[in-house]
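Inspection log for the structure reproduced underneath, given as structure tokens.
Rule-based calculations on the coordinates, nothing more; no lab input. All values derive from a computational prediction rather than experimental measurement. Don't worry about glycine lacking a Cβ; one is built from the backbone with ideal geometry, like all the others, and counts go over all protein chains shown.
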Amino acid sequence: MKATAAVCPAPNKIIFDEVDVREPVGSEIRVKITAVGICGTDMTAIHGGTGMFPLIAGHEGAGIVESVGPDVTRFKVGDRVGITYASCGKCKWCQMGKTSLCDTYMGNFFGPGRINYKNRPIPNWFSQNSFSNVTLTNEANATKVPDGIDPDTAGPYGCGIMTGVGSVMACNPQPGDTAIIFGLGTVGMSAMMGAKMAGCSKIIAVGGTPWKLELAKELGATHVVNRKEEEDLIAAIKAIAPEGGKVVIEATGHSNVCEEATKVLGKMGTLYFAALYHEPFPFFPDMTINGTYKHGGMGEWEAVPNIERLMKLTAEGKFPADKLITYYDFNDMDRAIDDLTHQRVIKAVLKVQD
Ligand SMILES: [Zn+2]
Ligand SMILES: [Zn+2]
């Protein structure tokens, strides 16, 4: 069927153009996208970081199942879904619940595409290319949206939100622990809400944007530190948490912040590098703390069951991830990207019309 997609033919250029989305086969579902989040990885690709053009980015799609392949068992036409990255379900990593380590991971992200643009297949993007008002994906990487949440918020659970909470859980937080979160974008804010759910008693949010620090307090931070107001940031954090963090999350992607994070890791603590790193990675482990350092995409979590769990917690009022979202019209993608770049919003979600 014909659809309209935000096609990126060259770096930093987006045109809304007609594409062809074929019938679903096997266990594929075709989804009418109603809303899609913009993630940092989409912006990296649009700026030219992956060298893949033409590109239809978008990997936080939410929408309505339009048609299903013959092998689909979990969904029917009309279901509201959120979409995440694909995993095979068969390899040893998937069997262990580590879907982000799936042996087919890279192929699913960047493999042969399913949408045609000007009669040529456009490359796959996270198995969803969801900057399009219709797309194809696999049922295995879709999640049914529960009652009680705005279905247009469902997309970001599939990447940024899951990554934040998952990275905290990968640090094995215990009630009473201290958590220190660097960076207050979607990943950092979600990590903070995850630390609150895990019962951490001190949750320290470190950032440089006053309105984000205020929101952090509302979402669970017990303390906030504005890096722009502190001459000695490490001393300011240590004044609140003299023993350092049992859980430390680095969610900025900047190498100088990575180094700061290593300096506030407590004894037997875990530091999770949750961002995408483009800069050289400084690593100065302090042997006396016996800490653990982790780095992984998507927070190391089994995607679909945990996304389902987080959405249900939102419906119950225990995980207010919807507070991170600002909506834009699909056609307003340039403005949304500009607002994200200038820290005016945390998670931009584009509302997509038919
Ligand atoms: Zn993402
Ligand atoms: Zn697998």
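Put simply, the amide H of Val134, placed in the peptide plane, has neighbours under 5 Å in Thr4, Ile33, leaving out anything fewer than 5 places away on its chain. Under 5 Å between amide hydrogens, built in the peptide plane, is the criterion, and for Ser67 it picks out Arg30 among residues at least 5 positions away or on other chains.
The fewest-to-most ranking of Glu250, Glu316 by surrounding Cβ atoms within 10 Å reads Glu316, Glu250.
The alpha-carbon atoms of the stretch 119-209, seen along their principal axes, cover 56, 32, 23 angstrom, with the largest extent given first. Ranked for footprinting exposure by Cβ neighbours inside 10 Å, fewest first, Met287, Met333, Met43 give Met287, Met43, Met333.
Could you give the size of the charge dipole of the chain about its Cα centre, using +1 on the Cβ of each K and R and -1 on the Cβ of each D and E, expressed in debye and rounded to the nearest 20? About 560 debye.
What is the percent of Cα-Cα separations in the stretch 36-175 that go past 17 Å? Value for the stretch 36-175 (Cα pairs over 17 Å): 63 percent. Here the mean projected area of the convex hull built on the C-alpha positions of the stretch 277-331 is 7.6 nm². One way to sum up the overall shape of the stretch 227-354 is the equivalent ellipsoid from its Cα gyration tensor, whose semi-axes run 32, 20, 15 Å, largest first. A simple spin-label model places the labels of Phe53 and Asp332 2.7 nm from each other, with each point 7 Å out along Cα-to-Cβ. Mean projected area of the convex hull spanned by the Cα atoms of the stretch 1-69, taken over all viewing directions: 4.8 nm². Here the Gaussian network model covers the chain, with springs between Cα atoms less than 10 Å apart; of Ile115, Ile203, Ile234, Ile234 fluctuates the most.
If R0 is taken as 22 Å, the Cβ-Cβ distance between Val77 and Glu308 corresponds to a FRET efficiency of 0.60. Cα extents for the stretch 162-299 along the principal axes, largest to smallest and rounded to whole angstrom: 35, 31, 30. Evaluated with a Cβ-only charge set (Lys, Arg +1; Asp, Glu -1), the stretch 284-354 carries a dipole of roughly 260 debye about its Cα centre, given to the nearest 20.
Would you mind ranking Phe281, Phe53 by Cβ crowding within 10 Å, fewest neighbours first?
In increasing order of surrounding Cβ atoms, one gets Phe281, Phe53.
Look at the dipole of the stretch 237-315 built from charges on Cβ: of Ala241, Leu276, Gly291, the Cα furthest out on the positive end belongs to Ala241.
Working note: Karplus 6.51/-1.76/1.60 with θ = phi - 60° gives the stretch 209-220 the couplings 10, x, 5, 6, 5, 5, 5, 4, 4, 5, 8, x Hz, where Gly and Pro are set to x.
Pairs of Cα atoms in the chain fall into 10 Å distance bins, from 0 up to the last occupied one, in shares of 6, 26, 34, 23, 10, 2, 0 percent. Quick check: net charge around Asp232, other residues with Cβ under 12 Å of its Cβ, Lys/Arg +1 and Asp/Glu -1? Once positives and negatives cancel, what remains is -1.
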